[in-house]
Amino acid sequence: MEQYVKTRPDAPAGFFAAEAAGLRWLAGAGGARVAEVIEVADRRIVLERIAETRPSAEAAEAFGLALAAMHDAGAEAFGSPPPGWTGDIFIGSRSQSARPKPTWGIFYAAQRVEPFLPLAVTAGNLSASGAEVVGRACALIAAGAFDDDEPPARLHGDLWAGNVLWGDEGVVLIDPAAHGGHRETDLAMLALFGCPFLDQVLDAYDRAHPLRDGWSERVPVHQLHPLAVHAAGHGPSYGRALVDAAERTLALG
């Protein structure tokens, strides 16, 4: 097996171990394929190398079915980390909590959106008034406006197109921020940054596990997290997009 080695000399404690725990947990779902972990250490991780090829509609359809199966494998609770992992998890280079909470809304607002707002304001990418709008959207979410009877799904947690590799044998996922969450969150992130053949992915997913009425209108709710992360360090355009998503979230309430 060809290997791919990632290193980070300044990796915080648990950085690569959290990635390995997430990959193994997702692999255990028996749904979407993930890169195999060969070795993990404090400042590096060794994975199988994925030979990439061109995306196709057929691979997208298979991915949609497999992603639904991965989500359906479930998690212990909203906010729960991979079993056996007790520290923070990471999205990109940023740490974030993974602490079980009784409802999705309480977890999502407090652990996925609110922590990144002061960072975005300090970076100059989000105004104080914009942060107030996002804070009101978080309060609405935490109050349960978007909670439902769906059980916690086994999420990739950072499912943008760069973490979806198109290999010779279909899609392979890398770099998760795996945790228990709402399945619409992974789908919303796929849509945020663009995914090849997204319509085919979503159609196949919906056949395997039908999406709830109104899911497409709730996409801005589930995009608050990645937009907040990006507003914390990738420019004011993400701050503006974050406020827009918050305003659309408030309109749904």
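Things to note:
- Any pair with Cβ under 6 angstrom, 6 or more apart, that starts in region 224-253 at a residue that is within 20 Å of Gly214 (Cβ to Cβ) and ends at one that is surrounded by fewer than 17 Cβ atoms within 10 Å (Cβ to Cβ) and not hydroxyl-bearing (Ser, Thr, Tyr): Gly253/Ala145
- The listed residue being part of a loop (DSSP other than H, G, I, E, B), in contact with a Ser or Thr (Cβ under 9 Å, 6 or more places away or on another chain) and closer than 19 Å to Ser95 by Cα, out of Gly144, Gly157: Gly157
- Some residue of region 122-130 being in contact (Cβ under 8 Å) with a residue 60 or more places away in the chain, hydrophobic (A, V, I, L, M, F, W, C) and not in a loop (DSSP other than H, G, I, E, B): no
- Filter result for Val243 (within 23 Å of Leu173 (Cα to Cα) and either of a type outside the set (Phe, Trp, Tyr) or in contact with a Ser or Thr (Cβ under 7 Å, 6 or more places away or on another chain) (or both)): no
- Qualifying residues in region 1-36 (those that are basic (Lys, Arg) and within 25 Å of Ala204 (Cα to Cα)) - the one surrounded by the most Cβ atoms within 10 Å (Cβ to Cβ): Arg33
- Condition check for Val201: of a type in the set (Val, Ile, Thr) and surrounded by fewer than 24 Cβ atoms within 10 Å (Cβ to Cβ): no
- Failed condition for Thr185, given (1) polar (S, T, N, Q); (2) surrounded by fewer than 18 Cβ atoms within 10 Å (Cβ to Cβ); (3) within 12 Å of the chain's Cα centre (by Cα): (2)
- Candidate set: region 71-90, residues that are closer than 22 Å to Arg33 by Cα and surrounded by fewer than 19 Cβ atoms within 10 Å (Cβ to Cβ); chosen: the one modelled with the lowest pLDDT: Gly84
- Condition met for Phe107 (touching a strand residue (DSSP E or B) at 6+ places or on another chain (Cβ under 6 Å) and assigned to a helix (DSSP H, G or I)): yes
- Note on region 1-42: residues that are part of a loop (DSSP other than H, G, I, E, B) and in contact with a strand residue (DSSP E or B) (Cβ under 6 Å, 6 or more places away or on another chain) total 5.
- Put simply, of Glu114, Glu76 the only residue that is of a type in the set (Asp, Glu), assigned to a helix (DSSP H, G or I) and more than 29 Å from Thr7 (Cα to Cα) is Glu114.
- Scanning region 25-57 for residues that are more than 13 Å from His156 (Cβ to Cβ) and touching a Pro at 6+ places or on another chain (Cβ under 7 Å) turns up Arg43, Pro55.
- Scanning region 195-229 for residues that are under 25 Å from Arg54 (Cβ atoms) and basic (Lys, Arg) turns up just one, Arg207.
- Among the conditions (1) over 23 Å from Ser216 (Cα atoms); (2) touching a Phe, Trp or Tyr at 6+ places or on another chain (Cβ under 6 Å); (3) surrounded by fewer than 23 Cβ atoms within 10 Å (Cβ to Cβ), the only one that Ser129 does not satisfy is (2).
The values are calculated or read from the model by the stated rules, or taken from the named source; none is laboratory data. Remember, predicted model here, so these are calculated numbers, not experimental data. A quick note on method: Cβ atoms are made from the backbone with ideal geometry, for glycine too, and the neighbour counts reach across all protein chains shown.
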